[in-house]
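Here is the structure we will look at, set down as structure tokens.
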Amino acid sequence: MDPRLIEMLACPVSKAAVYFSEERQLIVCPTSKLAYPIKDGIPAIQREDAIKLEDGDPLLKRPA
């Protein structure tokens, strides 16, 4: 996933910055505790596509 594309994206729920989890192939918003899938190489950043993350999910800790 192109890092420049990720920098342009924001969570549609919280409007916060997101990051890309290479390992799980998800766009992650730690603020709203939501993750968005990549479908056919395109980030699916819509509320109806969101995956709710549990409080202890390691994805909520943004990598340094």
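Taken together, the values in this text are just the output of simple stated rules run on the coordinates, not laboratory data. Since the structure is predicted, the reported quantities are computational estimates derived from the model, not experimental observations. Every residue, glycine among them, receives a Cβ derived from its backbone with ideal geometry; neighbour counts consider all protein chains shown.
Annotations
- Neighbour net charge for residue 33 - beta-carbon separation under 11 angstrom, K R +1, D E -1: -2
- Qualifying GluC sites (Glu not before Pro) in the chain, DSSP loop, other Cβ atoms within 10 Å at most 15: 22, 23, 54
- Label of the coordinate-derived value, Kirkwood radius over Cα pairs in Å, listed as [x] 11.6; [y] 13.7; [z] 12.7: [x]
- Counting Lys and Arg as +1 and Asp and Glu as -1 over every other residue whose Cβ lies under 13 Å from the Cβ of residue 11, the net charge comes to +4.
- Note on the chain: helix-only mean residue ellipticity at 222 nm, from DSSP H runs of 4+ residues weighted -39500 (n - 2.57) and normalised by residue number, equals -2000 deg cm²/dmol.
- Environment charge of residue 43, counting only residues whose C-beta is closer than 11 Å and scoring Lys/Arg +1, Asp/Glu -1: -2
- Set of aspartates and glutamates near residue 52 by C-alpha distance (under 19 Å), chain-local residues within fewer than 8 positions excluded: 22, 23
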